[in-house]
Amino acid sequence: MAKQLTRSTSKHGPRLLGDPNKDQAVERMLRVDHAGEYGAVRIYEGQLAVFGKSQNAPIIQHMLDQEKQHLKTFDKLVGDRKIRPTALLPFWHLAGFALGAGTALLGEKAAMACTVAVEEVIDEHYSDQISELNANGEEEGLQETFEAFRLEELEHRQTGLNNGAESALGYELLTGAVKAGSRLAIWLSTRV
């Protein structure tokens, strides 16, 4: 009788041949989170490049500073564990800045709508990772890091809402496009 392989989370069903083992799954988590925080830094840098010293610049700077701390943490984790970063970092360098600058050029409310969309996807992403790690009963320190960062990302989302994100012209279309792009970036960075 063949022994059934089980996956770490019930969300994805049983572990199938070719699915990552626990160590590979953690490597993927760290790779994608490193890429995501790198992209977030670039988004806020793009927004600040457009806004300069506008009224919302200190708000965006605060979020940027938090994202830089997240990136610094993932830089260390990736380095300490000798994990290869995503090969797409040069692309995220350009794409993140372009998304930030592009939404800022549409106005401060559009930039805040971008923040809301990205952070909603990141909240889901970190929550899924925490659930997977929790199901395995491993990597308690990573779970704590992911949760702390998830809460700061939710703070950024709320900042966007508090600063008129939902009043942006074409809010639903804009946030839908940014969410789709963010989910694609997560999928690609996990694998490439």
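No value in this document is a laboratory result; all are computed from the given coordinates. Values in this document were obtained by computation on a predicted structure and should not be read as measured data. Using ideal geometry, Cβ is built from the backbone for each residue, glycine included, and neighbour counts are taken over all protein chains shown.
Structure above, values below:
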read-out	value
All positions within the stretch 55-71 that are free of Cβ contacts under 8 Å to residues at least 24 places away in the same chain and buried (at least 18 other Cβ atoms within 10 Å of the Cβ)	Leu64
Residue within the stretch 76-84 that is touching a residue at least 40 places away in the same chain (Cβ under 8 Å), under 22 Å from Leu48 (Cα atoms) and either surrounded by 18 or more Cβ atoms within 10 Å (Cβ to Cβ) or more than 15 Å from the chain's Cα centre (by Cα) (or both) present	no
Selection count, the stretch 159-175, where residues are closer than 11 Å to Thr115 by Cβ and loosely packed, with under 14 Cβ neighbours inside 10 Å	1
Residues of the stretch 135-146 that turn out to be without any contact (Cβ under 8 Å) to a residue 24 or more places away in the chain and loosely packed, with under 15 Cβ neighbours inside 10 Å, as a count	4
Subset of the stretch 131-183 that is part of a helix (DSSP H, G or I), polar (S, T, N, Q) and within 27 Å of Thr103 (Cα to Cα) - its residue that is farthest from the chain's Cα centre (by Cα)	Ser167
The stretch 176-192, subset β-branched (Val, Ile, Thr) and under 22 Å from Met63 (Cα atoms), residue surrounded by the fewest Cβ atoms within 10 Å (Cβ to Cβ)	Ile186
